[in-house]
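Below is one structure, written out as structure tokens; comments come after it.
What follows is calculated from the coordinates using simple rules that are stated; it is not laboratory data. Note that this is a predicted model, so its numbers are computed, not measured. Using ideal geometry, Cβ is built from the backbone for each residue, glycine included, and neighbour counts are taken over all protein chains shown.
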Amino acid sequence: MTRLRHRMKGTRMKILLGISGASGAIYGVRAAREILSSGAELHLLVTKTAWEIMAAELPGAPPPASLPARKRWIAALLSAPPGACRLYAEDDFRIPFASGSNSPDAVVIAPCSMGMLGRIAHGVSSSVLERCADVALKERRPLLLVPRETPLSSIHLENMLALSRAGAEIFPACPGFYHHPGSVEEMVDFVVSRVLTRVGIDTALRPRWGEAAGREEKGSKRGERSRQARISRRDS
Ligand SMILES: Cc1cc2nc3c(=O)[nH]c(=O)nc-3n(C[C@H](O)[C@H](O)[C@H](O)COP(=O)(O)O)c2cc1C
């Protein structure tokens, strides 16, 4: 069960989730589902390239072109009632979070392209999502970025360092393997749960090291048995 750790009396945490044009749209989708299931408000910005990548990477019908149709498509993808997730047009600079007077509790960009990361690092607010990230930095709000690229050039690394120094947190899309993931979803959830825990959303996605008996205990008999069971299921 996903839950919020901190919530001010009578208010819901507002999370702005950006999905930008890097491979790994599933990171954004699973983060969105968890934010919704925590009871936090989910505000969503998806870049033009990210829509294309969603069409290529996600199963099912590709996203439609118009904003109203995209709102319905996203709601269906997230199994959320219409209106539960607030999807904004990627070029609408009038959305609430584009101003420091109305910043969300956190901005998460997952996945985050190197282009997006570089533009945020240099204060280039040419898109609404970049502007919202810029606002998060200037208002000292949490900005969490999940970059996906390999290998990294020194420009990428310097941009990440600049962002980290400016207060952002970088969560590379680098799942661990000590919990013996048995599916792509489990690998994705490892990263998503690290990010969301940071903003106060406790997900049930990933057992913590040392907590779930056997599952993450390196080399434990139980962990080894479950790994073997998965391998034999897969190979049968
Ligand atoms: C199919 C596809 C996959 C891409 N994958 C990545 C990626 O994994 N990482 C990355 O940094 N850029 C990737 N790019 C390049 C970015 O989409 C491009 O730099 C774009 O400017 C990002 O803009 P946005 O972040 O505003 O969506 C990809 C582009 C396409 C079309």
Practice task
Could you list the trypsin sites (Lys or Arg not before Pro) in the range 51-97 that lie in coil according to DSSP, counting only those with at most 12 other Cβ atoms within 10 Å of their Cβ?
Solution key: Arg94
Problem - Rounded Å value of the spacing that divides the Cα centres of the range 106-141 and the range 27-89 - result: 19 Å
Problem - Residues whose placed amide H lies under 5 Å from that of Leu87, excluding near-sequence neighbours - result: Leu44
Problem - Given charges at beta-carbon only (K, R positive; D, E negative), |dipole| of the range 3-205 in Debye - result: 700 debye
Practice task
Based on other C-beta atoms within 10 Å, arrange Cys174, Cys85 from fewest to most.
Solution key: Cys174, Cys85
Fill in the blank from the handout: Once the dipole of the range 3-205 is set up from charges on Cβ (+1 Lys and Arg, -1 Asp and Glu), the residue from the list Gly39, Ala121, Thr49 lying farthest towards its positive end is Gly39
Practice task
Starting from the Cα gyration tensor of the range 34-129, take the square roots of the eigenvalues, sort them a ≥ b ≥ c, and report rounded, prolate or oblate (rounded when a/c is under 1.5, otherwise prolate if a/b is larger than b/c, else oblate).
Solution key: oblate
Completion exercise
Under 5 Å from the placed amide H of Gly167, counting only residues 5+ away or on other chains, we find none
Exercise for the section: Mind computing the radius of gyration and Dmax over the alpha-carbon atoms of the range 3-205? Å is fine for both. Expected result: 15.8, 46
